[in-house]
C-alpha cells in the first residue's frame, strides 16, 4: 500500500527556546490528533517546520530533531529566519489568509514575501525528495504549501499526491485579486486528489480554474498536465473521545464542571471560543449580545456570555486593532449593563486547558459559533461532542463550513446583529424536547463523521485517483520529449510539419482579429520553410484572405484555411478541396447564432467563405461555456442529416461543411510531397484531432494545452511551442545541404 507521508506547515511538535535551552511542546490540534494514528498505521512520516530556527547551528536543538526523526518519525524542515518570516507571517498570513477568508481589503502583498513563500515550498520539496520512496502516499495540508504539489510532480512524475485545503477557497472574483494566482492554481494541479471542506469551496476553485487558467472541469475532476485530478468535498471531523471522554475519566474536568455550575447557578450560559482573528466575528457577536440585552431587559442578570479569545499574531497592526476593539466593546457592555452581582461578559483572553474547555462546553446552554468566514470551525463539533445530555443549543454562522453539514443548528448571519440577537433569544426559549432532538442528531453525525473516518476516506480517494492515473486508460498525452524529437528531426531525410495558428503559435486574444502574427513569428516560419528537406503547412481556422495577408509572402509555405476547406500549395493558387455545397445554408444558421449572440455580451459572429463562427472569448467565461453547450445541442439537432457540422472549439462554436477538416487537407498535400521519415503536427483544439489520428502513432503529434487529446505528446503553451520550433530551426541550420 505504501507509506503515508503527511506534510504540513508545522509539525505536531514545536521547539521553543527558553532560558534553559530548547523545549518541545506537543500540539493538541485536531489535525495532529487525527493524523498521528493514521500516519503510524501506515508506517509513515510527518514532514513540517519545527518552529523557531536559530541563525546558527545549535547542537542541542539538532539532537532533539534527530531524536524526533528516530522515535516519533517527525522530519523537520528548517527554514532560514528571514524566509520563515516572509513565508509564514508574510505571504501565508498577510496575503492568503485574509484573501481566502473574503477580506481583500486586509490583504498586503509584496514580492519579497512571495519569494519567501516560493523558497519555503522549494525547501519542503527538497527535504521530501530525500525521503520519498516508491509507492509512498504524500498528503499535503493547507494554504501554506500550495506550490508544493507541482514542485514534487516536476521531479517525480509518478508520485501519488493529495492535498486538503482546511480554509475556504474564495469566490473567483476575490481570488483574482491575488497577483500570483496562476502559480498557486498550477501548484494545486500537481495533485492526484484535491479536497475541500465544502462543495461551495470546490465550486469556487472550479470557477477560478476557468476564469484564471481557462480550464474547464467537471464536478468531480479536472484534466491537467496529462492527468485526471479528483476533486472532492470532504468535511473534516474531530476526535470526539478527546473531548467527551474527559467528562467520564478526568478528575480535573469534573472539578471544573462542578465549579462552573455552582458559579453560574440560576443563569443561562452562552459560550464563544475563538482565536482573536478578524475572520471570527468577535466584535459582531458582542454587538449582537448588546442588542439582545437591549431588546430583552428581562434577560439581564439571567444570562452570561463567556468569551474565550486566544491571542493570535500579536504585533500585526490589524490584530492589535482588533484586540483593542474587543476590549472596548466588552468594557462598554459590562459598564453599561453590569451590576455588583452580575457581569454580562466573562472575558478569558488566553489559551485554556483541554479540561477547562470541555467543562465550559458541557456547562453551556448555548454554543455561539459565529465566524464571518471559516473553512469548517471545529469548535462547533467539539461543543456538540460534549453535549451528552442533549440540553444545549448550537447557534452557528451560515458562513462556517460546518453549516453545510449541521443543519439542526440555528443558523445566523453574523453581520445581521438584530436577527442574531433574536436567534439567541429563540435558542434560550427552545423547548427541551426540540433541543434534545436537534442536539441528538448533531451529536450522532459528529460521532460518525469523525477525524479518523475523514482521514480514511481521503486516503481511499487518493489511492483510487492515483490508481486510475497509473493503470487506467490514457486520457491525456505525455509531455513532448524534446531531445528525442530533435534527434528524430536530425536523422530524417524528409520532413513534414503541420502547424495550427491560434492557440498554437499565438495565444488567444479577446477578439480574433487582434491575434495577428509578430514579425518574429513570421521570420521563424520563413526560416522553418526555407529548407528543401522539409515541407511546412500552416493549417488554421482563419480565412484565406487573412492567411494570405500574413503569410502569403513566405516562400515554400503551404496554407490551409478554414480548418481544411481551402488550401494553397507552396507554388500554387488557392483552391477549394470540394465544391462549396448549398449556397443558402448560412441564411438558415445565422439567425440561430445571432440569437445566442444577443444573449451573450461580448460575443461576436464571424462569417467566412465556408463557415459561420460564434466567438465568445470576451464573454463571461462561465456564462459563455453554458450557452456554448446549449448552442451545440441546438445545432446538433438542427443539422442532423445535412452535410453541415457544428464544431465546439476553444471559445467558439463553428458551423461548417462536414468534409472541411485538417486531415483531408493534409492528405491532399501529402499527395504532392515526397514520403517523410519525420512527421510533426501541432495543434490546440478539437479541429486538430482528426489530423493527429490521420498521421498515426509513428508521427510526432503534439497537443498545445492541457485538455484531453488523441495526440501522442503535449506542450503547455504557445511559448513552449515556439521554443521547440526554434530548436528545430537551430538544428536545421547545422544540417548538411542536399
Per 10 angstrom bin, beginning at 0 and ending with the bin that holds the maximum distance, the Cα pairs of the chain fall in percents of 2, 12, 19, 20, 17, 12, 9, 6, 2, 0, 0
What do you get when you divide the Cα radius of gyration of segment 585-657 by 2.2 N^0.38 Å, with N the number of residues? 0.99
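Per 0.36 nm of contour for each residue apart, how much would the distance between residue 268 and residue 509 grow if the chain were fully extended, relative to their Cα-Cα spacing? Provide the component values of the computation, followed by the final result.
On the way: separation 241, 0.36 × 241 = 86.76 nm, distance 6.34 nm.
Gain in length upon complete extension: 80.4 nm.
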Separation between Cα centres of segment 628-688 and segment 513-573, rounded to whole Å: 18
For residue 623 and residue 576 in one chain, what is 0.36 nm times their gap in residues minus the Cα-Cα distance, to one decimal in nm? 13.3 nm
Two decimals is fine: what's Rg over Rh for segment 4-233, C-alpha atoms, Kirkwood radius as Rh? 0.97
Which angle between 0 and 90 degrees, to the nearest 10, do you get for helix 451-471 versus the longest principal axis of the chain when only C-alpha atoms count? 10
Please determine, in degrees from 0 to 90 and to the nearest 10, the orientation of helix 482-491 with respect to the longest principal axis defined by the Cα atoms of the chain, where the helix direction is its Cα long axis. 10
Where Rh denotes the Kirkwood radius from the mean inverse Cα pair distance, what is Rg over Rh for segment 17-62? 1.06
Using a Förster distance of 51 Å, the FRET efficiency for residue 52-residue 490 (Cβ separation, nearest 0.05): 0.40
Using the scaling law 2.2 N^0.38 Å as the reference, what is the normalised Cα Rg of segment 627-700? 1.32
Distance from segment 1-47 to segment 241-303 (C-alpha centre basis), Å: 31
When the helices in the chain are scored as -39500 (n - 2.57) per DSSP H run of 4 or longer and the sum is shared across all residues, what 222 nm value do you end up with, to the nearest 500 deg cm²/dmol? -12500 deg cm²/dmol
At 1.306 mPa s and 10 °C, plugging the Kirkwood radius over alpha-carbon pairs of segment 1-92 into Stokes-Einstein gives what diffusion coefficient in µm²/s? 114
For the pair residue 677 and residue 134, how long in nm is the line joining their label points, each one 7 Å along Cα→Cβ? 3.5
Any idea how far apart residue 327 and residue 220 come out in nm if each label point goes 7 Å out from Cα toward Cβ? 5.4
In vacuo Debye sum over C-alpha of segment 241-449, base-10 log of normalised intensity I(q)/I(0) at q = 0.11 Å⁻¹, listed in q order, is -0.48
Sort 294, 697 so the one with the fewest other Cβ atoms within 10 Å of its own Cβ comes first. 697, 294
As a test of understanding, state the convex hull volume per residue of segment 66-185 from its alpha carbons, in Å³. 115
Could you please state, rounded to a whole Å, how far the C-alpha centre of segment 84-111 is from the C-alpha centre of segment 480-504? 44
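If each residue's Cβ is checked for other Cβ atoms within 10 Å, how do 299, 257 rank with the fewest at the top? Don't jump to the answer; show the numbers that get you there.
Working: 299 16, 257 22.
Least crowded to most crowded, the residues run 299, 257.
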Report the convex hull volume per residue for segment 115-198, counting only C-alpha atoms, in Å³. 89
One finds, for residue 241 and residue 478 with R0 = 51 angstrom and r their Cβ-Cβ distance, a FRET efficiency to the nearest 0.05 of 0.60
I need the calculated FRET efficiency for the pair residue 349 and residue 522, taking r as the beta carbon distance and R₀ as 56 Å, to the nearest 0.05. 0.25
For the chain, the longest principal axis of the Cα atoms and the Cα long axis of helix 317-337 enclose an angle in degrees, to the nearest 10, of 40
How far apart, in nm, are the 7 Å Cα→Cβ label points at residue 636 and residue 726? 4.2
Relative to the compact-globule estimate 2.2 N^0.38 Å (N residues), the Cα gyration radius of segment 364-451 stands at a ratio of 0.99
Ranked on Cβ counts within 10 Å of their own Cβ, fewest leading, 97, 614, 368 go 97, 614, 368
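None of the figures in this text is laboratory data; all of them are computed from the coordinates on show. The structure displayed is predicted, hence computed values, not measured ones. All Cβ positions, even for glycine, are placed from backbone atoms using ideal geometry, and neighbour counts span all protein chains on display.
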